[in-house]
Amino acid sequence: MNYKLFGNVLLRVVATFVASALGVIGAGSLGGVAPATAAFVGGILAVAKVIERLSLAFLEDGKLSQNEINAAFQQSVQLKNVKDDSVDSEMKK
């Protein structure tokens, strides 16, 4: 396996955990759940969904393409549709 790809997937899993964990803290506090518990459960559930989708894509043909990896992550956390305003695009000008 490509180590650069593995590192990218690992960082994206961490980002998925954080994005999902932060989103459920408020809901957990309304239900009387400790914020740390709500964050942990929300993050773990999101990561489990991503790993399941990656596993299913791998089972199909024994390979994971970049498109399959992207699809697994895009389904777990909805991102805003924004133009590419990254620092890299500014540096190219």
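Within the range 39-51, the set of residues being surrounded by 18 or more Cβ atoms within 10 Å (Cβ to Cβ) and over 11 Å from ALA19 (Cα atoms) comprises just one member, VAL50. Can you tell me which residue within the range 52-67, out of those that are within 16 Å of the chain's Cα centre (by Cα) and of a type in the set (S, T, N, Q), is nearest to LYS4 (Cα to Cα)? So, considering only residues that are within 16 Å of the chain's Cα centre (by Cα) and of a type in the set (S, T, N, Q), the one nearest to LYS4 (Cα to Cα) is GLN66. Identify the single condition in (1) surrounded by fewer than 18 Cβ atoms within 10 Å (Cβ to Cβ); (2) assigned to a helix (DSSP H, G or I) that LEU54 does not satisfy, given that it satisfies every other one. The one condition LEU54 does not meet is (1). Within the range 15-36, the residues that satisfy the criterion of being surrounded by 12 or more Cβ atoms within 10 Å (Cβ to Cβ) and not small (Gly, Ala, Ser) are THR16, PHE17, VAL18, LEU22, VAL24, ILE25, VAL33, PRO35. How many residues does the range 61-84 contain that are over 16 Å from VAL9 (Cβ atoms) and either surrounded by 11 or more Cβ atoms within 10 Å (Cβ to Cβ) or at pLDDT below 90 (or both)? Qualifying residue count for the region: 7.
The values are calculated or read from the model by the stated rules, or taken from the named source; none is laboratory data. Values in this document were obtained by computation on a predicted structure and should not be read as measured data. Heads up, the Cβs are rebuilt from the backbone with ideal geometry, glycines too, and the neighbour counts pull from every protein chain shown.
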